[in-house]
Amino acid sequence: MTKIRLTNSMTHRKQEFAPLDPANVRMYLCGPTVYDRAHLGNARPVVVFDVLYRLLRHVYGPDHVTYVRNFTDVDDKINAAALARKEAGAAGTLEALIRERTEETIGWYHADMDALGALRPTHEPRATEYIGQMVEMIAGLIARGHAYEAEGHVLFDVRSYPDYGALSGRSVDDMIAGARVEVAPYKRDAMDFVLWKPSSDDLPGWESPWGRGRPGWHIECSAMGDALLGPSFDIHAGGIDLQFPHHENEIAQSMCVHPGEGFAQVWMHNEMLQVEGKKMSKSLGNFFTVRDLLDKGVPGEVIRFVLLGTHYRKPMDWTERKAEEATKILRKWYRFVVDEDPSIIPSGVINSLADDLNTPSALGFLHTAYSSGKHAELRAGLELLGFDIESIRNWVGDASALNEDDRDLVAKLVYERHQAKLNKDFGKADAIRDVLLKAGVELQDQKDDVADWELSPDFDPAKLEALK
Ligand code: AMP
Ligand code: ZN
């Protein structure tokens, strides 16, 4: 069985992955707050951890992996978006408008992430469907002395959990000094965070032992992870921006309510998609949505290719040049794989992914499969990485599918020319080149490697006859 190694943010080390139960490998990814379209940065964790999901399914079997990604559908930003609609004259109660807004956003999210080739997770729980479990968890924390009620709020007492800060490597005192924490008179400690807060009559709220209110954001993931994956599971993932405080707080809640359990064994964090050195984010206003790109005609597979071109633990930029390059490569490869039977996945692709999801290296092995004429392997590797050949067909078009014999002939000749050059038989190499050029094959020489090639629109295979 392939050995997978993953960098665990908790230990800062790349470690061999050993699932608690290989018959049910369990992963959780923090999902979106559904008030607006996802921007390209939000798509990065989705695509990266989709590759992890696919790798785990490949290694442990498709029926032996459970993947949970939540929807946060109770949030002040959602309320504000619905209120703005109501004030703009929309009909219906605020509650109905909130429901409408979250439903609509979830629909957009599915359409956009589907377009990027991301598989739907096994479970996509909505926070509002797990309020009962959240209330129960909060009550458990109070009973164990880790939380307290104050003025209709319930707060987690960070000083009651000595390991608080282990994930981000900070002590509570450092955090207080460095962070902009909300100071509130009812908090015992500035770092204490909200588990439950009161709701005014016009806002969504649920009855609880502490009055009508709504959950804090952190308890949502702890409760949904617990309900769907159990108190201990394998992988918890999200963007690095969630490491503190969100994940730190999830750990505190889950570990304190289930002492003796381990919660997540491996913590994985993707780095940020940036714009001119700054995190792409709604609040900075430096964002564009996945839908903006799709509407501009950038295919989902191209977006996916660009996102996978950088290792997930490195910051990255989106550039038009990267998108153009990815378009050219996928267009070129498509011609060779469209009629291939996905056979054996190149071992280099698997090994790269198993080495802490090294997607740029995996793409490098696809280039190798292409240039060595292993087209069935190229197709299998593309599919493992989540590139759907049928979807590529939609934008590349059938015209570029090439007759298999012609294609093999061109690939063979390009390879023969390469061999001739290696043998210093430059006469032969030049003769092959001349015929290829006349037939409409455009060659791009590569340093120390087989030339890349493309067919011009006036490609004429009959002109290759001379070399057959
Ligand atoms: P949010 O809706 O802001 O909680 O974000 C949803 C997911 O997108 C979280 O896993 C974030 O860590 C991630 N995320 C947000 N902005 C970026 C970014 N610029 N680059 C990569 N991931 C991001
Ligand atoms: Zn979360």
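Read-outs throughout are calculated quantities, based only on the coordinates presented, and are distinct from any laboratory measurement. The shown structure was predicted, so the numbers you read here are calculated from the model rather than taken from an experiment. FYI the Cβ positions are ideal-geometry reconstructions off the backbone, even for glycines, and counts take in every protein chain you see.
Each residue of the range 280-297 is assigned a 3J(HN,Hα), and the resulting list reads 5, 7, 4, 5, 7, x, 9, 10, 9, 8, 4, 5, 4, 5, 4, 5, 6, x Hz, derived from the Karplus form 6.51 cos²θ - 1.76 cosθ + 1.60 (θ = phi - 60°), x at Gly and Pro. Relative contact order for the chain using alpha-carbon pairs under 8 Å, separation at least 6, rounded to a whole percent? The normalised contact order for the chain reaches 16 percent. The smallest convex shape that holds all Cα atoms of the range 241-372, its convex hull, gives 163 Å³ per residue. Annotation: amide H-H contacts under 5 Å for T7 (H modelled 1.01 Å from N, sequence separation of 5 or more, or interchain): Q15. If you take the square roots of the eigenvalues of the alpha-carbon gyration tensor of the range 318-452 and sort them as a ≥ b ≥ c, do you get rounded (a/c under 1.5), prolate (a/b over b/c) or oblate? Cα axes put the range 318-452 in the prolate bin. Calculated mean residue ellipticity at 222 nm for the chain: -13500 deg cm²/dmol, from DSSP H runs with n ≥ 4 weighted as -39500 (n - 2.57), summed, divided by the residue count and rounded to 500.
For the range 374-468, the relative contact order is 20 percent, taking Cα pairs closer than 8 Å that sit 6 or more residues apart in sequence and dividing their mean separation by the residue count. Taking θ as phi - 60° and the Karplus parameters 6.51, -1.76 and 1.60, the scalar couplings of the range 387-393 work out to 9, 8, 5, 5, 6, 5, 4 Hz in sequence order, x denoting glycine and proline. A simple charge model with +1 on the Cβ of Lys and Arg, -1 on the Cβ of Asp and Glu and nothing else charged puts the dipole of the chain at about 840 debye relative to its Cα centre. Note on the range 402-468: with charges restricted to the Cβ of Lys and Arg (+1) and Asp and Glu (-1), its dipole about the Cα centre is near 340 debye. Could you tell me which of rounded, prolate or oblate describes the range 20-151, using a ≥ b ≥ c as the square roots of the eigenvalues of the alpha-carbon gyration tensor, with rounded for a/c under 1.5 and, failing that, prolate when a/b is larger than b/c and oblate otherwise? Oblate is the answer for the range 20-151, as a/c is 1.5 or above yet b/c matches or exceeds a/b. Over the Cα atoms of the range 360-429, the radius of gyration divided by the Kirkwood radius equals 1.07; this is the Rg/Rh ratio. Derived scalar couplings between HN and Hα for the range 354-364 equal 5, 8, 6, 6, 7, 5, x, 5, 4, 5, x Hz in order, rounded to whole Hz, by the Karplus curve 6.51 cos²θ - 1.76 cosθ + 1.60 (θ = phi - 60°), x for Gly and Pro. Counting only alpha carbon atoms, the long axis of helix 248-257 and the longest principal axis of the chain meet at about 60°.
Counted by neighbouring Cβ atoms within 10 Å, the residues F365, F459 run from fewest to most as F459, F365. Magnitude of the charge dipole for the range 5-270, about its Cα centre and with charges confined to Cβ atoms of Lys, Arg (+1) and Asp, Glu (-1), is about 600 debye. Taking other C-beta atoms within 10 Å as the exposure proxy, T319, T102, T327, T2 rank T319, T2, T327, T102 from fewest upward. Of the trypsin sites (Lys or Arg not before Pro) found in the range 230-324, the ones in coil according to DSSP and having at most 12 other Cβ atoms within 10 Å of their Cβ are K296. Partner lysines whose Cα lies under 16 Å from the Cα of K447, excluding those fewer than 8 positions away in the same chain, are identified as K421, K424. Amide H contacts of E442: E454, L455, S456, each under 5 Å away and 5 or more positions distant or on a separate chain (H built 1.01 Å from N in the peptide plane; Pro and chain starts excluded).
Projecting the Cα atoms of H12, Q444, A354 onto the charge dipole of the chain, computed from C-beta unit charges around the Cα centre, puts Q444 farthest toward the positive end.
Near the amide H of R126, within less than 5 Å, lie the amide hydrogens of F71, all on another chain or at least 5 residues away, with H placed in the peptide plane. Quick check on the range 5-270: take the gyration tensor over C-alpha atoms, sort the square-rooted eigenvalues as a ≥ b ≥ c, and tell me if it's rounded (a/c under 1.5), prolate or oblate. Oblate, because a/c is 1.5 or more while a/b does not exceed b/c.
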